[in-house]
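Report on the following structure.
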Amino acid sequence: MSAGGNDAGPHAGSAKGGENTRLPVPDGPGVRFADAIDSRLGIYGATKRHLRKVFPDHWTFMLGEIALYSFIVLLLTGVFLTLFFKPSMTEVVYDGSYVPLQGIHMSQAYASTLDISFDTRGGLMIRQVHHWAALIFIAALFVHMFRIFFTGAFRKPRDLNWLFGFLLLVLAMVNGFTGYSLPDDLLSGTGLRIAEGVCLAIPLVGTYLQFFLFGGEFPGDDIVPRLFTIHVLLIPAIMVGLVTVHLTLVWYQKHTQFVGPGRTEKNVVGAPFMPVYAAKAGGFFFLVFGVTALLGGLAQINPIWSYGPYNPGQITAGSQPDWYIGFIEGALRIMPNWEWSVWGHTLSFNVLIPSLIIPGVLFTFIAAYPWVESWITGDKREHHILDRPRNMPVRTGLGVGWIVAYGVLWICGGNDVIATHFHLSINTITWIGRFAFLIAPVLAYLATVRICKGLERRDRDKVLHGRETGVIKKLPHGEYIEVHEPLDPALRHGLTAHEQPRPYALVPAVDENGVARQVTRSQKLRVRMSHWYFAEPIAKATPEEFRELAEGPGHHHEHS
């Protein structure tokens, strides 16, 4: 394309699609195609600013990327499996390649899963890659949310995005359960039997819900087709939408970053999206894909041919679900046998409490925490700088307590395996699990709070006195001291840059006109909660203290 006017040189018109007419080399077909698309859609102008968006660099940010990339692997392998799986409970006689099951009556769903595993080229590996990707995806979501929780990245303006991430986690767990229930083997059928019992335990609507899901008495004829529709269509579509919204909000809201020199609430220090971050992200995607493929090819998982087809009169020994559902299994196993009979109806608290109420409390705590903390602290500001977990002891303690509660239930889900392998009484293990679920989270909370405060005191001491070198020096008057080395300014900044919020306080009892203010119960509760949340604060070292200690006559720590 010519520059036009009197500037046209001897090569004017020789370059097609470009503006520099002095170059005799014409633009290639790729450039001309890009120019044609841009002239119609205006992509370059719209994306130029976004491609230079800055992203901070920290290893913990890769946790969310692992979740995203494993989700992509799930979608790709799921499309392959969908082409060969037959979601039908129609009974057939197996005549495939797996000799031990030839001539056995089974559902078409189970038979097609065997065909994928033994008669479809690459089918077994894709099945196992899909299963491993699901486990990695949910694990990455958990760890990613822990990172967000402990660093305070859920605070305004990201509280809504926290809720989207929470919904992604719950949907991933539900979809994982529906996925490993599809083959209709003896292990997954046992899980469906437990799910049916949970449905029946729901007061008033439980029976109707069970008939709706199973199409009649268990196991019915419709559960696999309905789970298939939920697994491959309904939940994935919702999850793709949530992932899109989640990433859009991450892009629109500037990225959080850890404390460091030059980093403030109003800027982002890092590398641009193009080409630095995009190159790193692309390489990391192939790394995650490769590790998942290695697991799928080398580590056997869910060998359904060893379990056999589902039979309502049988159950596999030592049966446990995938790890992320194990906490519900554990809660069911340690729950006492409490039942009430009211007006001819049985209320099965032994199923209702562990399968619905306990998970509901645990996960409602996760979903609501950003707003609960904001209400307790009275902090309505936007936050873009992350907290160090030690600087928020109560929040960190609550998070560790939640993990311990989840972990105790998860361990109790294998109480029979623990009993047989270690030759212990299963009744003893069950009672230990009951007490541990009530006591261990509280002890973990208290220990974590004390550890965090101890680390804060250690940071304060390091700022004031420097780093211990291990070098002992004898002074002229005979005293022995340890030589301390001053901290690097950047490290000292990281140890002192955090805020120290004060507990929420009530307004004066009387306003400026002498009229008494009314104090509600909610405000009184908020004051008590705020004082608990910020109890026994550890004051960070100030520049004045540092100077006084360095210049004071009583200073006994020499700096090298």
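Quick notes
- Each helix, a run of at least 4 DSSP H residues, gives -39500 (n - 2.57); summed and divided by the residues of the chain, these come to -18500 deg cm²/dmol at 222 nm.
- Dipole orientation for segment 100-195: of the candidates SER117, ILE136, LEU186, ILE136 has the Cα lying most toward the positive pole (charges on Cβ; Lys, Arg +1; Asp, Glu -1).
- Accessible carbon and sulfur surface of the chain relative to its total accessible area, %, 1.4 Å: 66
- Cβ crowding within 10 Å averaged over residues, with 369-377, 55-63, 535-543 ranked highest first: 369-377, 55-63, 535-543
- Listed residue (ILE376, LEU74, THR496) projecting farthest to the positive dipole end of the chain, Cβ model: THR496
- Equivalent ellipsoid dimensions for segment 125-196 as semi-axes, Å, which come from the Cα gyration tensor, largest first: 30, 14, 9
- Segment 89-154 and segment 246-262 have Cα centres spaced 36 Å apart.
- Surface accessible to a 1.4 Å probe, per residue, for the residues of segment 187-243, Å²: 49
- Sequence ranges 115-128, 276-289, ranked by mean other-Cβ count within 10 angstrom, highest first: 115-128, 276-289
- Close amide-amide hydrogen proximity is noted between LEU347 and TRP340, SER341, VAL342, each under 5 Å apart and 5 or more residues distant or on a separate chain (H modeled in the peptide plane; Pro and chain starts excluded).
- Within the chain, the whole DSSP H helices whose Cα atoms reach 20 Å or more along their own axis and whose mean Kyte-Doolittle score is at least 1.6 are 62-84, 235-252, 278-298.
- Here the dipole of the chain is about 1380 debye; that uses its Cα centre as origin and unit charges on the Cβ of Lys and Arg (positive) and Asp and Glu (negative).
- Geometric extent, Cα atoms of segment 146-236 - Rg, Dmax (angstrom): 16.8, 48
- Cα-derived Rg over Rh, computed across segment 285-387 with Rh taken as Kirkwood radius: 1.15
- Here segment 176-225 yields Rg over Rh of 0.96, to two decimals, using C-alpha coordinates and the Kirkwood radius.
- Three semi-axes of the equivalent ellipsoid, the chain, Cα gyration tensor, whole Å, largest first: 48, 42, 26
- 5 Å binning of all Cα-Cα separations within segment 392-521, expressed as whole percents from 0 upward: 2, 8, 10, 9, 9, 9, 9, 9, 9, 9, 8, 4, 3, 1, 0, 0
- VAL404 sits with roughly 40 Å² accessible to a 1.4 Å probe, with DNA, RNA and ligands left out of the calculation.
- Volume per residue of the convex hull around the Cα atoms, evaluated for segment 176-315, comes out as 201 Å³.
- Proximal lysines to LYS280, defined as alpha-carbon separation beneath 30 angstrom and excluding residues fewer than eight positions away on the same chain: LYS48, LYS53, LYS156, LYS254, LYS266
- Cα shape, segment 76-221, gyration tensor, a/c 1.5 rule: oblate
- Segment 456-511: proportion of alpha-carbon pairs further apart than 12 angstrom, %: 75
- In summary, the convex hull built on the alpha carbon positions of segment 57-137 has an orientation-averaged projected area of 6.3 nm².
- Solvent-accessible surface of segment 425-493, averaged per residue with a 1.4 angstrom probe and all protein chains in place: 63 square angstrom.
- Within a straight-line Cα-Cα reach of under 24 Å, LYS462 can be paired with the following lysines, leaving aside sequence neighbours fewer than 8 residues apart in one chain: LYS453, LYS473, LYS474, LYS540.
- Value of Rg to Rh for segment 344-411 (Rh from inverse mean 1/r over Cα pairs, i.e. Kirkwood): 1.13
- Using C-alpha pairs under 8 Å with a sequence gap of at least 6, the mean separation divided by the residue count of the chain gives a relative contact order of 14 percent.
- For segment 79-171, the solvent-accessible area of protein heavy atoms averages 42 Å² per residue (probe radius 1.4 Å; ligands and nucleic acids excluded).
The values are calculated or read from the model by the stated rules, or taken from the named source; none is laboratory data. Because the structure is predicted, anything quoted here is derived from the model rather than measured. We place every Cβ from the backbone using ideal geometry, glycine too, and count neighbours over all the protein chains shown. Keep in mind that these areas ignore ligands, DNA and RNA; they rest on the heavy atoms of the full protein, side chains included. Shrake-Rupley method; radii C 1.70, N 1.55, O 1.52, S 1.80 Å.
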